[in-house]
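Below: the structure, in C-alpha cells.
No value in this document is a laboratory result; all are computed from the given coordinates. For clarity, every value in this text was computed on a predicted model and none was experimentally measured. Because the Cβ atoms are built from the backbone with ideal geometry, glycine has one as well, and the counts that use them run over all protein chains shown.
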Amino acid sequence: MHVVLPTAPVTGRVSQSRLCTKGKSASFVRHVCVDVSGTPLEGSWQAGQSFGVVPPGTDANGKPHKVRLYSIASPGYGEDGHGRILSTTCKRLLAEHEPQSDKDDPTDHRLFTGVCSNHVCDLREGDPIAVAGPNGKRFLLPADRNAHDYLFLATGTGIAPFRGFIHELFVGPPAGTPLHAAWRPCTSNVHLLMGTPYTSDLIYDDFFRQVAKERPNFSYHTVISRETRPDGGKGEYIHHYLDRALPQFDGLLRNERTLIYICGLAGMQVGVFQTLAKRGLADGFLDLHEEVKGVPPADWTPEQVKRRVHATRRCMLEVY
Ligand code: FAD
Ligand code: A2P
C-alpha cells in the first residue's frame, strides 16, 4: 500500500476510455485505463485494491483538491499482462445543487458536477492523470484461490474489483506475458450478483456473460431494481434476490470454504447482513454484538448494523 502518496502523486497516461454500461443509460460510467509504466505503481497493485486520483485545480477554499479513491478494475497483472496498465470504472457524479451549509442559497438547483469523477471521465487517450496508491489491504483474493468458494455481491460501480477478480480466476494473463504459462483457471464455485437500476445500467455485462458461458463453475446473476422481473415480480435489491433464490445459495453459504465479498453503495451491507442472519446463515461471516443478538435481524437499524454487526475474516466489505 501507499507506494505513491497522494501528496506527491505520479503522472500516468490515459490509454483508453470507453463507456462500459450495457445500453443507453441515464448514468455515464467509463472504463478508463491508465498507463503507469515507469512509475513506482508499475506492477505494484493487486486486484481488489483502489488507487488515488488527484484532480487538477483548487477547491472553493483555494486549497488543492483532495485525492479521490477509485477501485482497480484490472487483475494484478494489469490490462496488458505486464502490470503496466491499470483500469477503473468511473461514474460521473451528476446531481442538482443542494445547500451544503447555512451560507448556501437553498433555491440554487443548478447542475452539480462532481470534481474528480468528471475529470477522469473527460480525459482522452494520451492525457496525463495524477495518480497515487495503491490503497486497501483487506478486499483481496486469498493466496490459494482454489481453497475457497466465493459469493461476490456488487451494486453499480462496486462491480469494478470483481472484474479484476474474475479475470484472475477465469481468464488469466494474455498469451506471451510472464504469468501466462503458470496460470490455471480456478476450480472453485463462484457466484457474482450485480445490482443496477435498469438493465441498460449493467456494467461489463458482455464480459461476465462470456466468462459464465465458458466456465461452468462461474455463475453471473443480474438483479434489476426498477424493472419488472421476467417472472412478473417487482424489481429488487441483491439481498431480496439472495433471499428469493436461497436454495441455490444455501449450500454455498453453509460451506466453511466460502468467502463473501460486498462492494458498492454504502448501506448495501444492511440488507445483506439482515438476510444472512434471518436465514441462520450469519455464522462464520458475521460477529454480532450482545446488543443485537436478541433482536430479530429485520428490526436491526442501519446504525446498529454499522456499529454492532462486524464482518469476520470470511466477509470482505468495500462500500462508499
Ligand atoms: P465531489 O465533487 O467530491 O462531490 C462529492 C459529494 O459531494 C457528492 O455526493 C455530491 O453530491 C456532494 N456535493 C458537494 N457539493 C455539493 C453541492 N453544492 N450540491 C450538491 N451536492 C454536493 N467511484 C467510482 O465512480 N468508481 C469506483 O470504482 C470507485 N471506487 C471507490 C473506492 C473507494 C474505496 C472509495 C472510498 C470511493 C470510491 N469511489 C468510486 C467514489 C469516488 O472516490 C468519488 O467519491 C466519486 O467519484 C465522487 O467524487 P467527485 O470528486 O466526482 O465528487
Ligand atoms: P435503486 O436506485 O432503484 O433504489 P447505481 O449505483 O448504478 O445507481 O446502482 C445501485 C443499485 O443498487 C440500484 O439498483 C439501487 O436501486 C440499488 N440499491 C439502492 N440501495 C440499496 C441497498 N440499500 N441495498 C442494495 N441495493 C441497493
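Along the charge dipole of the chain, which of Pro6, Cys315, Val171 sits closest to the positive end, that is, farthest toward it, with unit charges on the beta carbon of Lys, Arg, Asp and Glu (+1, +1, -1, -1)? Comparing the listed Cα positions along the dipole, Val171 ranks first. Could you give me the percent of Cα pairs per 5 Å distance bin for region 1-89, shortest bin first, beginning at zero and ending with the bin that holds the maximum distance? In order of increasing distance, the bins hold 3, 14, 22, 24, 17, 12, 7, 2, 0 percent. Computed from phi, the 3J(HN,Hα) profile of region 181-197 under the Karplus parametrisation 6.51, -1.76, 1.60 (θ = phi - 60°) reads 4, 7, 6, 10, x, 5, 9, 7, 8, 10, 10, 10, 10, 10, x, 9, x Hz, with x in place of Gly and Pro. Rounded to the nearest 20 debye, the dipole size of the chain about its Cα centre is 460 debye, using +1 on the Cβ of Lys and Arg and -1 on the Cβ of Asp and Glu. Under 5 Å from the amide H of Phe112 lie the amide H atoms of Ala95, Glu96, His97, each residue being 5 or more positions distant or on a separate chain, with H modelled from the backbone and absent for Pro and chain starts.
Ordered by the count of other Cβ atoms within 10 Å of each Cβ, fewest first, Ile203, Ile224 give Ile224, Ile203. Before anything else, pin down the relative contact order of region 85-131: Cα pairs under 8 Å, at least 6 apart, normalised by residue count, whole percent. Relative CO of region 85-131 lands at 38 percent. The packing ranking of peptides 190-199, 137-146, highest mean first, is 190-199, 137-146, where packing means the average number of other beta carbon atoms within 10 angstrom of each residue.
Taken over the alpha carbons of the chain as equal point scatterers, the Debye sum produces base-10 log I(q)/I(0) values at 0.07, 0.13, 0.14 Å⁻¹ of -0.30, -1.04, -1.18.
Each Lys and Arg adds +1 at its Cβ and each Asp and Glu adds -1 at its Cβ; summed about the Cα centre, region 1-129 shows a dipole of about 320 debye.
Which Cα, out of Ser188, Leu69, Gly38, lies furthest along the positive dipole direction of the chain (beta carbon charges, K/R +1, D/E -1)? So the residue furthest toward the plus end is Ser188. Per-residue packing, averaged as other Cβ atoms within 10 Å, sorts the ranges 231-239, 32-40 into the order 32-40, 231-239, beginning with the highest. In terms of distances greater than 29 angstrom between alpha carbons, the cross-link table entries Lys103/Lys306; Lys63/Lys91; Lys66/Lys103; Lys24/Lys213 yield Lys103/Lys306. Working from Cα pairs under 8 Å separated by at least six residues, relative contact order for region 122-192 is 40 percent.
Note on the chain: helix-only mean residue ellipticity at 222 nm, from DSSP H runs of 4+ residues weighted -39500 (n - 2.57) and normalised by residue number, equals -5000 deg cm²/dmol.
Among beta bridges from DSSP that stay inside the chain, the antiparallel ones total about 60%. Here is what passes the span test in the chain: the DSSP H helices with alpha carbon length of 15 Å or more along the helix axis and a Kyte-Doolittle mean of 0.5 or above are 268-278. For the chain, modelled as a GNM with alpha-carbon contacts under 10 angstrom, which of Pro106, Pro216, Pro302 fluctuates the most? In this elastic network of the chain, the residue with the biggest mean-square fluctuation among Pro106, Pro216, Pro302 is Pro106.
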